[in-house]
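The values are calculated or read from the model by the stated rules, or taken from the named source; none is laboratory data. Predicted model, so just to flag it, every value in this text is computed and none were measured. Glycine also receives a Cβ, built like all others from the backbone with ideal geometry; neighbour counts cover every protein chain displayed.
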Amino acid sequence: MKALVFSLANELHSRVYYSKLYDSFKRFFRSIEGFEIIDEPQYKVPKIPRNKYDLAFIVILTGGTSRLAEQAAKMLNTPVVLIAHNKHNSLASALSARERIKKLGIKVLLVLANDEHTLATKLTPIVKGISTAISLSRIRVLEINSEGLLSSRARFFMEVTGTKVDAVSYKEVLERAMNAPDKELREISDFVALHIDTSGVDREYLDKALRIYYALRSLALEKGYNAVSIDCFPFLVEYGITPCLAVAMLNNDGIPAACEDDFYSLIMLFISLNFTGKPGWIANPSGVTDEGYLRFAHCTIAPSLGKNCYLVSHFETGKPYAVTCRLSGERYVFGRITTDYTGLVLYRGRKVDSGLLEPGYCRTQLILDTGSLNADEFIEKAVGNHHVFMEWTSDIMEAFKALAWWMNWYLEIRN
């Protein structure tokens, strides 16, 4: 993200009142890569190029600056975050500036902070949310399906996000898999064994699963793809081997990978990596326990999200190989994008139990206490199947709010 930071002041106010505050704010902004800072407070609109920046942060140091802020926003033609403090009519001017900027049709947020610590606490999740949204529109996605042509799902995804998607066929993936160099396969096998217990499995089938992982990983790395979506069930039916291990390990590598060609989940996987530094986990709502807890399950968990990970047969088909782990986190945020890409629905939950708990479900299972949200209410209002789980952080909801603001999504938090 490329951002401009500058401050506005009125010459009627003595500089001694606000210079130290702005100096402290600049320390925070200098810690963020890609931020360009105008050091001196501005008493008129600075000469700033139009459409050069993704975002502008305007620090309102004194009253009497709302017109200047409006003029600066119009000149920049970019979304604006206004920063106000309690003294010198800063907040009053910022409130006026916000309304003026809104009338220009420019996106604007207002943050109140009286010291560097408060500024960092409030702006860090905002920066995280906005930078993630901007990055989302700039990633390249590899879609893998039977024909090697872009699906209607991929085209819709590109239309609403601006993201670039290319497609390759199963045949191309399999050709690359079968031609994997022995040395690289051994390295991949050793690498996977560091994260997942591969003892006691059929080595011939494991070799096939590792080759798929090699093929997808090498395609992504060689051709600069940031994310992968695979239409996995037709692949499994046609070739008798599941890509679950490959999907799990790609996510573990920091390459968001969605099974069942689910672009909605792919977005959430990308968000999880950017918000938490860890992969997300795609899971199916899979019923309700006798105690009234929701059960979620799936076969593609990234091992960095769990412990005691090992390989088992894929649930629906019995084919090799699915991944099962006990989840290591305790609190989670989970949710999904609405099917028209206009909204984001989120929930919160606390782990009750996890792992391969029962045989009649996908191989990693999570029993979840959703607090005031009962299971029947979740089922009644859920906007789809796959939900993506990410580990709770203290500022994650604020980051989601900023991302939704940037994307023009409505945000609904249901518990």
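At-a-glance table
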quantity: Enumeration of residues in segment 134-150 that are buried (at least 18 other Cβ atoms within 10 Å of the Cβ) and farther than 22 Å from LEU411 by Cβ; calculated: VAL141, LEU142, GLU143, ILE144, ASN145
quantity: Some residue of segment 304-326 being assigned by TED's automatic domain parsing to the domain that holds ILE196 and over 30 Å from ASP202 (Cα atoms); calculated: no
quantity: Hey, ASP395 in contact (Cβ under 8 Å) with a residue 40 or more places away in the chain and more than 17 Å from GLY292 (Cα to Cα) or not; calculated: yes
quantity: Top-ranked residue in segment 102-118 [being under 17 Å from TRP406 (Cα atoms) and under 28 Å from the mean Cα position of the chain (by Cα); ranked as surrounded by the most Cβ atoms within 10 Å (Cβ to Cβ)]; calculated: VAL108
quantity: Residues satisfying the stated conditions in segment 42-74, i.e. closer than 14 Å to ALA84 by Cα and over 25 Å from the mean Cα position of the chain (by Cα); calculated: ILE58, VAL59, ILE60, LEU61, THR62, GLY63, GLY64, THR65, SER66, ALA69
quantity: Segment 373-415: number of residues that are charged (D, E, K, R) and assigned to a loop (DSSP other than H, G, I, E, B); calculated: 2
quantity: Cβ-Cβ under 9 Å pairs, at least 6 apart or on other chains, segment 163-181 side under 30 Å from TYR341 (Cα atoms), far side assigned to a loop (DSSP other than H, G, I, E, B) and aromatic (Phe, Trp, Tyr); calculated: ASP166/TYR225
quantity: Options VAL141, VAL160: the member that is within 18 Å of SER265 (Cα to Cα), in contact (Cβ under 8 Å) with a residue 60 or more places away in the chain, under 24 Å from the mean Cα position of the chain (by Cα) and assigned to a helix (DSSP H, G or I); calculated: VAL160
quantity: Failed item in (1) buried (at least 18 other Cβ atoms within 10 Å of the Cβ); (2) within 19 Å of the chain's Cα centre (by Cα); (3) not charged (D, E, K, R), with ILE188 passing the rest; calculated: (2)
quantity: Answer from TYR170, TYR205 - the residue that is crowded, with 18+ Cβ neighbours inside 10 Å and of a type in the set (Phe, Trp, Tyr); calculated: TYR170
quantity: Residue list for segment 55-81, restricted to those being among the polar types (S, T, N, Q) and in a helix (DSSP H, G or I); calculated: SER66, GLN71
quantity: Qualifying positions in segment 130-173 - over 16 Å from ASP54 (Cβ atoms) and basic (Lys, Arg); calculated: ARG140, ARG153, ARG155, LYS164, LYS171
quantity: LEU185 vs. criteria over 19 Å from ASN226 (Cα atoms) and in contact (Cβ under 8 Å) with a residue 40 or more places away in the chain; calculated: no
quantity: Qualifying residue in segment 192-207 (condition: over 30 Å from the mean Cα position of the chain (by Cα), in a helix (DSSP H, G or I) and touching a residue at least 40 places away in the same chain (Cβ under 8 Å)); calculated: yes
quantity: Selection from segment 1-53 of residues that are in a loop (DSSP other than H, G, I, E, B), at pLDDT below 90 and of a type in the set (Gly, Ala, Ser); calculated: SER14
quantity: Complete set of residues in segment 288-299 that are part of a strand (DSSP E or B) and out of contact with any Phe, Trp or Tyr (no Cβ under 8 Å at 6 or more places or on another chain); calculated: VAL288
quantity: Only one of ASN251, ASN308, ASN284, ASN274 that is closer than 21 Å to LYS208 by Cα and not aliphatic (A, V, I, L, M); calculated: ASN251
quantity: Complete set of residues in segment 328-364 that are of a type in the set (Lys, Arg) and modelled with pLDDT of 95 or more; calculated: ARG331, ARG336, ARG348, ARG350, LYS351
quantity: Extreme residue, modelled with the lowest pLDDT, among residues of segment 301-315 that are touching a Phe, Trp or Tyr at 6+ places or on another chain (Cβ under 8 Å) and either outside any helix (DSSP H, G or I) or surrounded by fewer than 24 Cβ atoms within 10 Å (Cβ to Cβ) (or both); calculated: PHE315
quantity: Filtered residues of segment 325-379 (kept if closer than 30 Å to MET158 by Cα and surrounded by fewer than 19 Cβ atoms within 10 Å (Cβ to Cβ)); calculated: THR338, THR339, ASP340, TYR341, THR342, GLY343, ILE379
quantity: Checklist (1) free of Cβ contacts under 8 Å to residues at least 40 places away in the same chain; (2) closer than 30 Å to ARG326 by Cβ; (3) within 18 Å of the chain's Cα centre (by Cα) applied to LYS128, failing item; calculated: (1)
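Matching residues to (1) among the charged types (D, E, K, R); (2) outside any strand (DSSP E or B); (3) surrounded by 15 or more Cβ atoms within 10 Å (Cβ to Cβ):
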{"site": "ILE83", "(1), (2), (3)": "no, no, yes"}
{"site": "ARG100", "(1), (2), (3)": "yes, yes, yes"}
{"site": "ALA120", "(1), (2), (3)": "no, yes, yes"}
{"site": "THR124", "(1), (2), (3)": "no, yes, yes"}
{"site": "GLY129", "(1), (2), (3)": "no, yes, yes"}
{"site": "THR132", "(1), (2), (3)": "no, yes, yes"}
